[in-house]
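Take a look at the structure set out below.
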Amino acid sequence: MKRRGPKGMKGAAGRFAALRKRLGVLWPVIAGLCSLVVVFVMGTTGFMVIEGWDLFDSVYMMLITLSTVGYGEVHPLSRAGRVVASLVILFGVGTFFYLAGAFVQLVIEGHIQNIFGRRRMRRAIDKMHGHTIVCGYGRIGAIVAREIDAEGHDVVVVERSQQLIDELQQKDLPFVPGDATKDEVLLAAGLNRAKSLVSALTDESANVYVTLTARQLNPDIYIVARSESPDHSQRLIRAGANQVLFPHLYGGIRMAQSVLRPTVLGFMDLAMRGDIEDLQMEQLTIAPGSPVAGKDLIESQLRQRFNIIVIGIKKADGKLLFNPQPQAVLEAGDTLILVGGKQNLAAMQNELA
């Protein structure tokens, strides 16, 4: 007979610990339920073998014993049968009450609600299309997720820190717990259906890996990655990032502009966020079938029809035109940078997009 060596025992202990960690708060209930099943099967078998009872009488005896209802014995017990009944009482009844206590604890501490809440969230994420995935809910990622959610767009956060996961649960933001560098975690966040991804992890090498993975799994997704230094931007671009941002650099520039041009910067911030009443900055990409495609600004009559101002046009090849002339032709794939009333912009998007 082959003995299990120390390595085998360590491997079994490791798998047991991994299973316990995976079950989490459900571990006491699952363990109690498994123990109760084992006691029930062994007790039933004991009554059938020792006392010679049939399956129905043995199961009934186990039920009245475990539930402690106080009914009499199904048949008179022999000495060996009483030993079996005693063992059932000692182990089975204790296990039964342990299981009941574990379940009550789940209910009192709200774990049951959290489990059902996560299932509802899982179903909601599975139904999302064209949403944004934010990897990392630190100082930068939290602001990104909050702004996207405030605009009314779907967002899913990927985070592995339990402390930040608890914060996400309180704010009722859709999230997927886990490591964003793992393929299965990104797919669980709906990567194959997402429109854009923001990699805002503090570890720059992790941002490179997330960008590379996301680009491979979804070639059409728009990726914005965080970097601490402009010197490192090229590796993120080579990995597949459409845009690389530097929070510390931009933060310093904005602070300088707040001193040099406070009114201009304040107006831009309020307009972009829509905090100014009936004024907002927006962008609109002209679709191939749009009624303004192929027309110049005069023929499109955007100013007359919607009372908006076109302050820039980004051509499909990336060229950017500021303060375009009235003769500038609007082509499919061009992105218009607009300023106007919120309702006018919404009406324009509905008609021309």
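To keep it simple, each residue is scored yes or no on (1) modelled with pLDDT of 85 or more; (2) over 17 Å from the mean Cα position of the chain (by Cα); (3) in the same structural domain as residue 148 (by TED's automatic domain parsing).
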position: 167; (1), (2), (3): yes, no, yes
position: 175; (1), (2), (3): yes, no, yes
position: 185; (1), (2), (3): yes, no, yes
position: 212; (1), (2), (3): yes, yes, yes
position: 224; (1), (2), (3): yes, yes, yes
position: 246; (1), (2), (3): yes, yes, yes
position: 257; (1), (2), (3): no, yes, no
position: 264; (1), (2), (3): no, yes, no
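Working carefully through the options 180, 225, find the one that is more than 30 Å from residue 349 (Cβ to Cβ) and of a type in the set (A, V, I, L, M, F, W, C).
180
For the range 294-320, give me each residue that is surrounded by 15 or more Cβ atoms within 10 Å (Cβ to Cβ), aliphatic (A, V, I, L, M) and over 38 Å from the mean Cα position of the chain (by Cα).
Of everything in the range 294-320, those that are surrounded by 15 or more Cβ atoms within 10 Å (Cβ to Cβ), aliphatic (A, V, I, L, M) and over 38 Å from the mean Cα position of the chain (by Cα) turn out to be 297, 302.
Just the residues that are surrounded by 14 or more Cβ atoms within 10 Å (Cβ to Cβ) and free of Cβ contacts under 8 Å to residues at least 24 places away in the same chain, please, taken from the range 230-256.
233, 237, 242, 244, 245, 246
Of everything in the range 266-277 that's outside any loop (DSSP other than H, G, I, E, B) and closer than 15 Å to residue 151 by Cα, which residue is modelled with the lowest pLDDT?
If we take residues in the range 266-277 being outside any loop (DSSP other than H, G, I, E, B) and closer than 15 Å to residue 151 by Cα, then 273 is modelled with the lowest pLDDT.
I need the helices (runs of 4 or more DSSP H) fully contained in the range 290-353, keeping only those with at least 1 residues that are at pLDDT below 90 and within 19 Å of residue 268 (Cα to Cα).
Values: elements: 297-300, 302-306, 342-352.
Helices (runs of 4 or more DSSP H) meeting the threshold: 342-352.
When the residues of the range 278-289 are narrowed to those that are touching a helix residue (DSSP H, G or I) at 6+ places or on another chain (Cβ under 8 Å) and in a strand (DSSP E or B), which ends up surrounded by the most Cβ atoms within 10 Å (Cβ to Cβ)?
So the residue we want is 280.
The values are calculated or read from the model by the stated rules, or taken from the named source; none is laboratory data. Treat the numbers as computed from the prediction; the structure is a model and nothing was measured. So basically every Cβ, Gly included, is an ideal-geometry build from the backbone, and we count neighbours across all protein chains shown.
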